[in-house]
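Read the figures in this text as sums done on the coordinates, not as results from a lab. All values reported here derive from a predicted model rather than from experimental measurement. Positions of Cβ are backbone-derived with ideal geometry, glycine not excepted, and every protein chain shown enters the neighbour counts.
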Amino acid sequence: GRAELSVIFILAGGVLLAASYRIAHLARRYRGRMENLLQLASKPLDPLEIPGAAWADLEAGGWLRLEWDGVWFGQPVSGCLQAVAPAKRRATGPLCFELASGDEVRLVVRLIHGEAWGENRLFAEHLARVFVLLLETRLHARTEALSAALAERARLSLYLQHDMRNQAQWVLWVADDF
């Protein structure tokens, strides 16, 4: 009885040790992919170029398909990237994100993974969330830059209108003198 119990504990400990090594290995691989995604933040990419730049790491993380569609400053946009899925992998329900930046930009991003559950799916979801956060941050930065440029243009236009009114008033004074 006692010898069997100790063998069971040793086997259970060995299984737990092997599982922890496997999960640690997976975590290191996904951490490397996340670091690659975070490096994209320092590159001068347009927000709609980010899915293409990130696709290799997302695909390596088990994502089979990435779709996006929506409105980009009044223009409809859409795109799709898809992995060549081996026969043993089947698509699961999509992970969806809705991104918006002001009234000008609205995107829906859908990712489809090859596994429904497990540690690979858990790590892949975190990878997808890092990707979506990067995309959303870039969307907000782009719309803020555009808003700032439009505000500056409006300020300069108002300044020019004021100068034109002053010049017109000066021309009227000069005409009155003649």
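In vacuum, with every alpha carbon of the range 96-139 counted as one equal point scatterer, what does the Debye formula give for log10 I(q)/I(0) at q = 0.17, 0.21, 0.30, 0.31 Å⁻¹? Two decimals, please.
Log10 of I(q)/I(0), two decimals: -0.52, -0.71, -1.08, -1.12.
Choose one of G14, V171, V84: the residue whose Cα lies farthest towards the positive end of the charge dipole of the chain (beta-carbon charges +1 Lys, Arg; -1 Asp, Glu; about the Cα centre).
G14
Restricting to Cα atoms and excluding each atom paired with itself, what does the Kirkwood estimate give for the range 1-58 in Å?
Answer for the range 1-58: a Kirkwood hydrodynamic radius of 14.6 Å.
Just the C-alpha atoms of the range 78-178: what Rg/Rh do they give, with Rh taken as the Kirkwood radius?
Numbers: Rg = 26.8 Å, Rh = 18.5 Å.
That ratio equals 1.45.
Charges on Cβ only, +1 for Lys and Arg, -1 for Asp and Glu, centred on the Cα centroid of the range 2-112; of F73, G62, Q39, which one is farthest towards the dipole's positive end?
G62
When the helix-only estimate is applied to the chain (DSSP H runs of n ≥ 4, each -39,500 (n - 2.57), divided by the residue count), what is the mean residue ellipticity at 222 nm, nearest 500 deg cm²/dmol?
Values: 3 runs with 108 residues, N = 178.
After summing the helix terms and dividing by residue count, I get -22500 deg cm²/dmol.
Calculate the dipole size of the chain relative to its Cα centre from +1 charges on Lys and Arg beta carbons and -1 charges on Asp and Glu beta carbons; express the result in debye to the nearest 20. Show your work: numbers first, answer last.
Working: 20 positive and 20 negative charges, 241 e Å.
With only Lys, Arg, Asp and Glu charged at Cβ, the dipole is about 1160 debye.
About the Cα centre, and with charges only on the beta carbon of Lys, Arg (+1) and Asp, Glu (-1), how big is the dipole of the range 102-178? Nearest 20 debye, please. Each step should come with its number before you reach the end.
Details: 9 positive and 11 negative charges, 59 e Å.
With only Lys, Arg, Asp and Glu charged at Cβ, the dipole is about 280 debye.
For the range 121-165, what are Rg and Dmax over the alpha carbons, in angstrom?
Just the Cα atoms of the range 121-165 yield Rg and Dmax of 19.5, 65 Å.
Relative to the Cα centre, what is the charge dipole magnitude of the range 56-157, using +1 at the beta carbon of each Lys and Arg, -1 at the beta carbon of each Asp and Glu, and rounding to the nearest 20 debye? Write out the running numbers ahead of the final one.
Values: 12 positive and 13 negative charges, 38 e Å.
Charge dipole, the range 56-157, about its Cα centre: 180 debye, nearest 20.
Once the other residues with Cβ under 12 Å from the Cβ of R29 are scored (Lys, Arg +1; Asp, Glu -1), what is the net sum? Don't skip to the answer; put the middle values down first.
On the way: positive: R22, R28, R31, R33; negative: E35, D57, E119.
Net local charge, R29 excluded: +1.
How large is log10 of I(q)/I(0) for the chain at q = 0.17, 0.19 Å⁻¹ when the intensity is taken from the Debye formula with one equal scatterer per alpha-carbon?
Result of the Debye calculation: -1.07, -1.22.
Semi-axes of the equivalent ellipsoid for the range 29-120, please: Cα gyration tensor eigenvalues, times 5, square-rooted, ordered largest first, whole Å.
On the way: eigenvalues 118, 58, 25 Å².
Rounded to whole Å, the semi-axes are 24, 17, 11.
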